[in-house]
Amino acid sequence: MLEKLTECDERQFKALTGLSRGAFHKLVTMFTVCYEEIIQENYAKNKAKRKRKPGAGQKGRLNTPEKKLFFLLYYLKTYPTFDVLGYHFDLDRSKACTNVHHLFPVLLRALDRMKILPKRQFNSVEELQATFADITELFIDATERPHCRPQEAQAQKEKFSGKSKRHTVKNTVIANACKMILFLGYTIFGSKHDYSLFKTEFPPDQTWFKLFKLWVDLGYLGIKTDYEAVEINIPHKKPRKSKANPAPTLTDDQKEENRLISKVRVIVEHAIGGMKRFNVLVAKFRNRKNNFVDDVAVSAAGLHNLMLSLTTA
């Protein structure tokens, strides 16, 4: 596959990596710098135990930064098993696994250096307002993705989502009007409600969104009571069926208002769709390494922001 890398047209390249060639070449420059930094850091840390300098010894199949980055992006985009990944890159399955986890910190550092990773948490209202200083509207939603069924009973209970009828994990997403992902909450078990998760990340006793206009869906019912904002746009909920109201329905004005809100709020859905360009967030997640389920989410958000930064520049 690596030998045919230069033969791919633009569409094939996007299908294999999730990035355009322009975005790939921009990323590989920083990826190379970060890779060399991490190699030198590890060498300095383990210098007393090593007998050879970095770069000595047998050269592997992934012997250039371009091949290393292509290998990692291919994994995120297509999410094959390590058996399949190793077959395509002429590697043993164990070596394919080792390379993925060895190169992933390099990708995260490169995306962080390029300042395109979303914020993960805010320690104060002032920090949030400073980060979003040039933004007036925030589009909020949660994204849920399937996870393999845990073996432990407690973990099964936590990850089982009643809404999706399967085991899942989820993240809060905040995007701007340009579909850039500004905030990605830490990955948490799927049984937690979207709004409960949001209140955990942004406690209602502080004026987090006092300067912003918010767009949310009905999963955030109660946000108007709990939070202060310039404006909060949330759809009208259909009334409950009762003896007094056996056929509940929204008025024509309410339905029209819901349609208008949906047309605008769909921006955050498109932002989430940009993240889920990478199949690692779509297929049932099966990796068991600690924190890797969170790492793939933030890297996918960063890669989405990278593509968006090139198209809007």
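The values are calculated or read from the model by the stated rules, or taken from the named source; none is laboratory data. Values in this document were obtained by computation on a predicted structure and should not be read as measured data. Every residue, glycine among them, receives a Cβ derived from its backbone with ideal geometry; neighbour counts consider all protein chains shown.
Of all residue pairs spaced 6 or more apart or on separate chains, none has beta-carbon atoms under 8 Å together with a first member in the stretch 1-27 that is farther than 14 Å from Leu69 by Cβ and outside the structural domain of Lys77 (by TED's automatic domain parsing) and a second member that is at pLDDT 90 or above and of a type in the set (Val, Ile, Thr). Exactly one residue out of Ile140, Ile135 is of a type in the set (A, V, I, L, M, F, W, C), buried (at least 19 other Cβ atoms within 10 Å of the Cβ) and assigned by TED's automatic domain parsing to the domain that holds Thr207: that is Ile140. Annotation note: of Lys115, Lys95, the sole residue that is out of contact with any strand residue (DSSP E or B) (no Cβ under 6 Å at 6 or more places or on another chain), at positive phi and not aromatic (Phe, Trp, Tyr) is Lys115.
I'm checking my understanding of the structure. Among residues of the stretch 260-305 that are surrounded by fewer than 22 Cβ atoms within 10 Å (Cβ to Cβ) and farther than 22 Å from Thr168 by Cα, which one is farthest from the chain's Cα centre (by Cα)? Of everything passing the filter in the stretch 260-305, Leu260 is farthest from the chain's Cα centre (by Cα).
Taking every residue in the stretch 56-77 that is at pLDDT below 95 and outside any helix (DSSP H, G or I) and pairing it with any residue that is of a type in the set (Phe, Trp, Tyr) and crowded, with 20+ Cβ neighbours inside 10 Å, at least 6 positions away or on another chain, the pairs with Cβ-Cβ distances below 6 Å are Leu62/Phe71.
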